[in-house]
Amino acid sequence: MAASKTAKKTHVFLSNGPAATLRFGKRLGEKIATGGVIALIGELGCGKTLFTRGFCTGLGVSEKEVTSPTFAFVNEYRGRLHVYHVDLYRIDNIEVGFEIGMLDYLAQAETSVIVLEWAEKVLPLLPEDYLQVQFEVLSPQRRRLEFTGFGERSSALLRELEG
Amino acid sequence: MLVLGLDTSGYANAIGVAEGERVLADSVFETRKASLSQIMLNVDSVLREAKLSLEDIEGFGVGLGPGSWTGIRIGVTVGKMLAYCTGKSIKGISTLEVLAYHARDSRTLICPIVDAGAGGAIYAAFYRSGNNEINQVSEYYVGDIPGLAELIREPTVLVATGAQKYRSALSQLMKSNAIEALESVPSGVSVALLAAARLESGEHDDTLALAPLYLKESTARAFVNKYRRRVQAAP
């Protein structure tokens, strides 16, 4: 693999509470122009679903429509872009990822946005280009969000987010 | 024997009817996302075109994949439902064999390829044609094009949607011009013809137990290997 194809860009954002996490997700939703994969990584209660709710709101989805798909695996929302909100909490390994048809969803990343909670469980399935958001709990209120853009498209999106 | 064949492993509903070796109808309906809502209407229109009704059908054939995860489930489930409701028998056929069948006149090695749906992963297998039969001569392969190149040692015809693209990639990697390409999509009538031959010789599947051909473990392995190479190559 050529080094240019694994272009990487990192950006850190500190959230002082749920409202800020929600707002930051919303900004990403407003900026994103094409489909892609957003991989959310972090422990229970770190703000992944909240961030996703903000993100979808930024795409024009009504806030109360966005709920955690822990039991349904996948929720679909129709915003400015089509969003597949996938929760892999109940997935033990990659093989189970195939059971729920992960590849069929990922194959739609050209035109739709695939938001994956607990994405670390299926990292090998992700395309070359994806945006990773790693959540770290600093205190009951505060969170550290580290954004990494893998590939050209996600790095460009991250640059826009910083600007 | 009058057999209806279905394959939905790609992004289309492929439906055909054959009687023994005779083709009575063959259609491919591009459906993409509406496969499930269209398939019964598609079956109905193919039967009408052949001036047949469902009661005339004596057996069913279904393409088992590999291919689109959701896609395959639709065809397999509908095939099983039709067989169960009409009390007729069913036979599942690998979608790779269906593609290989389209190159049955070839004297060289036959290699059907199906896109695994993300990041350049493919499914493939090798077949040989002879004595009016197609025989699978390898295990199923899941991996990428460079990995497939290492398995090819003789003139081979690739059968796939996008066969030309695979041919140029393989020819380049192998520095060889012994690779041919046949553009092809799974067809319903090929499923019907292959299933008819087997059903006529008394071979059939358990209608309720028949399941799609998901190469789950090897697909997982292929993706994990690919990921390792990617991580090692990263700066």
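Can you name the residue in region A:70-81 that is surrounded by fewer than 18 Cβ atoms within 10 Å (Cβ to Cβ) and not in a loop (DSSP other than H, G, I, E, B) and, of all such residues, is farthest from the other protein chains (Cβ to nearest Cβ)? Going through the qualifying residues, I end up with A:78. Residue A:98 passes every criterion in (1) within 11 Å of chain B (Cβ to nearest Cβ); (2) within 16 Å of residue A:41 (Cα to Cα); (3) of a type outside the set (Ser, Thr, Tyr) apart from (2). Taking (1) more than 30 Å from residue A:150 (Cβ to Cβ); (2) surrounded by 18 or more Cβ atoms within 10 Å (Cβ to Cβ); (3) among the basic types (Lys, Arg); (4) outside the structural domain of residue B:47 (by TED's automatic domain parsing) in turn, residue B:153 satisfies each apart from (2). Scanning region B:105-140 for residues that are assigned to a loop (DSSP other than H, G, I, E, B), among the charged types (D, E, K, R) and more than 16 Å from the chain's Cα centre (by Cα) gives B:105, B:107. The residue that is surrounded by the most Cβ atoms within 10 Å (Cβ to Cβ), counting only those in region A:82-115 that are under 18 Å from the mean Cα position of the chain (by Cα) and of a type in the set (Asp, Glu), is A:87. The set of residues in region A:115-137 being within 14 Å of chain B (Cβ to nearest Cβ) and either in a loop (DSSP other than H, G, I, E, B) or without any contact (Cβ under 8 Å) to a residue 12 or more places away in the chain (or both) consists of A:126, A:127, A:128, A:129. For region B:184-235, a residue qualifies if it is among the aromatic types (Phe, Trp, Tyr) and in contact (Cβ under 8 Å) with a residue 12 or more places away in the chain, and the qualifying residues are B:214, B:223. Within region A:62-100, the set of residues being without any contact (Cβ under 8 Å) to a residue 12 or more places away in the chain and among the basic types (Lys, Arg) comprises A:64 only.
Against the test of being buried (at least 23 other Cβ atoms within 10 Å of the Cβ) and charged (D, E, K, R), the options B:91, B:80, B:51 yield a single qualifying residue, B:91. Among the residues of region A:101-114, those identified as in contact (Cβ under 8 Å) with a residue 40 or more places away in the chain and among the small types (Gly, Ala, Ser) are A:109, A:112.
Residue A:52 satisfies every condition listed in (1) modelled with pLDDT of 95 or more; (2) touching a Phe, Trp or Tyr at 6+ places or on another chain (Cβ under 8 Å); (3) outside any loop (DSSP other than H, G, I, E, B); (4) of a type in the set (Val, Ile, Thr) except (2).
The values are calculated or read from the model by the stated rules, or taken from the named source; none is laboratory data. Computed from a predicted model, the values in this text were never measured in an experiment. We place every Cβ from the backbone using ideal geometry, glycine too, and count neighbours over all the protein chains shown.
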